[in-house]
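The values are calculated or read from the model by the stated rules, or taken from the named source; none is laboratory data. Note that this is a predicted model, so its numbers are computed, not measured. Positions of Cβ are backbone-derived with ideal geometry, glycine not excepted, and every protein chain shown enters the neighbour counts. Ligands, DNA and RNA are stripped out before the accessible areas are found, and what is left, the full protein with its side chains, is counted by its heavy atoms. Shrake-Rupley method; radii C 1.70, N 1.55, O 1.52, S 1.80 Å.
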Amino acid sequence: MARAGAPASLVADLRARVDSLTAANRETERLNATVAEISLGLAALTARLDTPRARLTALVDGFAVFFSEGNALLHEAAVNTRLDAIADHLKRESFGVRVVGHTDASGPAARNLSLSRGRAEAVASMLAARGVERRRIVIVSRAASFPLNDQEAGNRERNRRVTFEPLYDHEDQP
């Protein structure tokens, strides 16, 4: 009797293993399909992010040129390095950049508007000196309208800055 049961248990064991392998194969096929779907999505996202405009956005995102209370540039070495990269990119592409001046809230509004414009023009001149066509640089003065920090006397320095924004399509063309 023991001999007759042995082949039956072997067959049952083999069937269980085949069923397990079949289930594993189905799971592998499902995972492969998921990986293929993710790969297509990643390729589409990469194509969308790997555009000249997206690369410019990455260069200017989180970057600002900060100024002392007057017009002295802060962190000059870091600023020059990033401006070099922005200028190199703009010289290779057909679109431009908006250079946006900001101030703190101290002083009269008209003075702050003029001061923010002067800072933006100074940074625009730095880009032009690096070979960016002046017509592809749009200057905007926002004075104290978009503060990073509150406007308390001891907390204004981060508001004295110039930021960058990619231009809209054809914004730099008449």
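Observations on the structure shown:
- Candidate set: the stretch 60-70, residues that are within 9 Å of the chain's Cα centre (by Cα) and open to solvent by 40 Å² or more (accessible area, probe 1.4 Å); chosen: the one nearest to I137 (Cα to Cα): D61
- Residue ID - surrounded by the most Cβ atoms within 10 Å (Cβ to Cβ), chosen from residues in the stretch 71-96 that are in a loop (DSSP other than H, G, I, E, B) and touching a helix residue (DSSP H, G or I) at 6+ places or on another chain (Cβ under 6 Å): G96
- Evaluation of V99 against (1) in a helix (DSSP H, G or I); (2) under 17 Å from L56 (Cα atoms); (3) open to solvent by less than 20 Å² (accessible area, probe 1.4 Å) (one fails), failing number: (1)
- In this structure, I86 does satisfy being at pLDDT 90 or above and touching a Leu at 6+ places or on another chain (Cβ under 6 Å).
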